[in-house]
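Working notes, beginning with the structure itself.
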Amino acid sequence: MKVELGFYEITQAVQEFIIKKYGWGCFDFEEMDMIELKYLEAVREPRKYKNGRLVKHPVHGYVETEIVDWHKKYINLDENSELHFFLDS
């Protein structure tokens, strides 16, 4: 099942969470400038043998990669933003 939340539904959910968790009864999102989403993106590089040659998949022949680092990325949510996720039923 696909679930879609628009920007205002996201802000209402965050507002209800803040009121429930922190007890701030008079919290208003109209005063907020933006909502920011932080995520980590993997930095991948080709795997290499000790002699410097690239490691290739034994059956399919493509170059294998490995995760060498993680970079923080940010997304600003605005009125046109939506959140989509899928639930198994």
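Values in this text are rule-based calculations from the coordinates and carry no lab data. What you see is a predicted model, and the numbers here were worked out from it, not measured in a lab. Glycine also receives a Cβ, built like all others from the backbone with ideal geometry; neighbour counts cover every protein chain displayed.
Dividing the mean sequence gap of close Cα pairs (under 8 Å, 6+ apart) by how many residues the chain holds gives a relative contact order of 45 percent. Charge dipole of the chain (Cα centre as origin; +1 on each Lys and Arg Cβ, -1 on each Asp and Glu Cβ, all else neutral): 1120 debye, rounded to the nearest 20. When the charge dipole of the chain is built from unit charges on Cβ atoms (+1 for Lys and Arg, -1 for Asp and Glu) and taken about the Cα centre, the candidate among Gly23, Gly52, His71 whose Cα reaches farthest toward its positive end is Gly52. Helix 7-22 against the longest principal axis of the chain: what's the angle in degrees, Cα atoms only, rounded to the nearest 10? The angle comes out at about 80 degrees. The packing ranking of peptides 68-79, 51-62, highest mean first, is 68-79, 51-62, where packing means the average number of other beta carbon atoms within 10 angstrom of each residue. With the helix formula -39500 (n - 2.57) applied to DSSP H stretches of n ≥ 4, the chain reaches a computed 222 nm mean residue ellipticity of -6000 deg cm²/dmol.
For Val55, the residues whose modelled amide H falls within less than 5 Å of its own, excluding neighbours fewer than 5 places apart on the same chain, are Arg47, Lys48, Tyr49, Glu64. Taking a ≥ b ≥ c as the square roots of the eigenvalues of the Cα gyration tensor of the chain, is the shape rounded (a/c under 1.5), prolate (a/b larger than b/c) or oblate? Prolate shape, in that a/c is at least 1.5 and a/b is the bigger ratio.
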